[in-house]
Structures are given as C-alpha cells and as structure tokens.
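Contents: one structure, followed by commentary.
The values are calculated or read from the model by the stated rules, or taken from the named source; none is laboratory data. Since this is a predicted model, take the numbers as computed values, not measurements. So basically every Cβ, Gly included, is an ideal-geometry build from the backbone, and we count neighbours across all protein chains shown. Just so you know, the surface numbers come from the protein's heavy atoms only, side chains and all, with ligands and any DNA or RNA stripped out. Shrake-Rupley method; radii C 1.70, N 1.55, O 1.52, S 1.80 Å.
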Amino acid sequence: MEKELNGKMLVIPEHVAIILDGNGRWAKKRLMPRNYGHSQGAKTVEQICEDAWNIGIKYLTVYAFSTENWRRPDKEVKALMRLLRKYLKDCIERTAKNNMRVRVIGEKSRLDDDIRAAIDELEEVSAANTGLNFTIALNYGSRDEMVRAMRHMAQDCKEGAFSVEEITEERFASYLDTKDLPDPDLMIRTSGEQRLSNWLLWQLAYAEFYFTDVLWPDFDKQELIRAVEYYNTRERRFGGV
Ligand code: IPE
Ligand code: IPE
Ligand code: MG
C-alpha cells in the first residue's frame, strides 16, 4: 500500500515489529526510578498503536518482556507485571472503541494466572475486530519459541500426522506463536542498541532494520514516519538481483 506522508508518496510496510528499548535510561536521565520509564513507555505503546493504524500499518508487534528479562531485580519484574495487569485491563476496554485485534505471543505458563486470564479475555473480545493487528510479546524469546514449536511438531510427526519428508518451512512456521501473522517487513529498535536480543529470529529473515537513538518513551508518530521513510530508501531483493 502507498500513502502520502509529509508530502511524499511512501510504500507502507504491512507489518512493523518493534523492540521498545530505553525506558530505564529515559527515567535515569530524569533522575527518576526505572519503573517511571516503564509506565511512560506503556503510554507510548498506546499512542503508537493509533499512529501506526493512521499511517496505514496493518500489523504492529512489540517486544514487551523477554524470556531473559526475569533476570532483572525482583522489584523491577514485579513493577512490570503490575503495569502489565493495568495495561491489559485498559486494553480490554479500549479495543471495543478502537477496533484493534490483540494477540499475545510468548510462553504464557510462566505468567501469573490472573494475567493469563486477562490475556485470554483480551484475545477473545478483540478476535472479530478489523482494525490494527496488534501483537504483544510477553515472556517471549525466539529460541524458546522455536524449541516449543519443534517439540510440538515432532510429537505430531511421531503420532503420524505427517512424515519427516513433509516437514517444510511452511509447516514449521505454522507451529510458531506467529502462525497467524505475515513476516515483518520492517524491524525497529530504539535506544541505540543494534542487536536482536532473541527477537523473531526466524520471522525477520528478510526484514529491513531501522535503529534509532531515540529512547522508547520519546518515540512518536514523526519517528515512526522517519522509519517508514528509511524503509522506502531500501531495495528489497529477497535473494534476487
Ligand atoms: C525496555 O526498556 C523495556 C523492557 C525491556 C521491559 P529497558 O528497561 O530495557 O530500558 P534500558 O535499556 O535499561 O534503558
Ligand atoms: C530487549 O531489551 C527486550 C525487550 C525490549 C522486551 P533488553 O533491554 O532486555 O535487551 P538487552 O539486555 O539490552 O539485550
Ligand atoms: Mg534495554
């Protein structure tokens, strides 16, 4: 899809995946506790969902909590879970108005029961919505996702659902948490870090990468448009010439 933004015709990526990073540093710069950065970051997520949809993006996927983030001090993990509870609750109400379809990817069994119940409710009440496809990665790690997928696939294979020869890229992808999503076209990471930190390793095979020094709580619609402009300067060849 093409759209005029800032006076330019731009190709809009269908699926944008974001590593929202820099909440802690944003707070530190303001001499505030890291958790303050996380609550500002949650507000930014809310705003960016709206902006992404207005720009014409159909799928937005954000990395909110990784399988490695449990290594953080207990106090920070607890605060993040508190924030998540509130976010999910607000989101259940909001999806009725903004028509957003919400999905959660990641390994859910490690999350508390009430959080899992809120996720189920959110996915259920928004399932028929036709607006932005918003996906939140919680306790997500790409290697963990692939190992879970492989176990499940091997089990089905062992039970005779298909032969070893019938294992294809498509079949494997259908066992991933992202089975209902197209591969991302554009990956954005904020805060100046240039690494994947276990994010969508399979799905990003042909995505364009955009890195910005902007810290996540400061990320806004203009920054998102800048990333889309960068995307438009790239020539995607998918292995061809
Ligand atoms: C990203 O911000 C949010 C989460 C990983 C939960 P950080 O908390 O990683 O912020 P920095 O990188 O320490 O600044
Ligand atoms: C990646 O950010 C995970 C999320 C944004 C949820 P981190 O801040 O945890 O990653 P590292 O530790 O810098 O690689
Ligand atoms: Mg970080």
In segment 62-162, which chymotrypsin sites (Phe, Trp or Tyr not before Pro) are in a loop and have at most 14 other Cβ atoms within 10 Å, using DSSP for the loop call?
PHE162
With a 1.4 angstrom probe the carbon and sulfur portion of accessible area for the chain, in percent, totals 49
May I ask you to compute the full-extension gain from LEU201 to ASP120, defined as 0.36 nm times their residue separation minus their alpha-carbon distance, rounded to one decimal in nm?
26.6 nm
Between GLU107 and residues 5 or more places away or on another chain, which pairs have amide H atoms under 5 Å apart, with H built 1.01 Å from N, and which residues are they?
TYR140, GLY141
Loop only per DSSP, at most 16 neighbouring Cβ atoms within 10 Å: give me the trypsin sites (Lys or Arg not before Pro) in segment 152-230, ordered by residue number.
LYS179, ARG195
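What does the C-alpha gyration tensor say about the overall shape of segment 18-125? Classify as rounded when a/c is under 1.5, otherwise prolate if a/b is larger than b/c, or oblate.
It comes out oblate by the Cα gyration axes.
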Any chance you could run the full-extension gain for ALA173 through LYS97? It's 0.36 nm times the residue separation minus the Cα-Cα distance, nm to one decimal.
24.2 nm
For LEU215, LEU186, LEU83, write out the residues from largest to smallest accessible area, computed with a 1.4 angstrom probe and no ligands counted.
LEU83, LEU215, LEU186
Suppose all protein chains stay in the model; what accessible area per residue would a 1.4 Å probe give for the chain, in Å²?
53
Ranked packing of 42-50, 109-117, most packed first, by mean Cβ within 10 Å:
42-50, 109-117
Derived scalar couplings ³J(HN,Hα) [segment 33-45; Karplus, 6.51 cos²θ - 1.76 cosθ + 1.60; whole Hz; x for Gly, Pro]
x, 3, 5, 5, x, 5, 6, 5, x, 5, 5, 4, 4
Report the calculated FRET efficiency for GLN155 and GLU235 (r = Cβ-Cβ distance, R0 = 45 Å), to the nearest 0.05.
0.60
Whole number please: convex hull volume per residue of the Cα set in the chain, in Å³?
144
Beyond a 31 Å Cα-Cα separation, which of these cross-linked pairs lie in this structure: LYS58/LYS158; LYS89/LYS158; LYS58/LYS89; LYS75/LYS97; LYS28/LYS89; LYS8/LYS28?
LYS58/LYS158; LYS89/LYS158; LYS75/LYS97; LYS8/LYS28
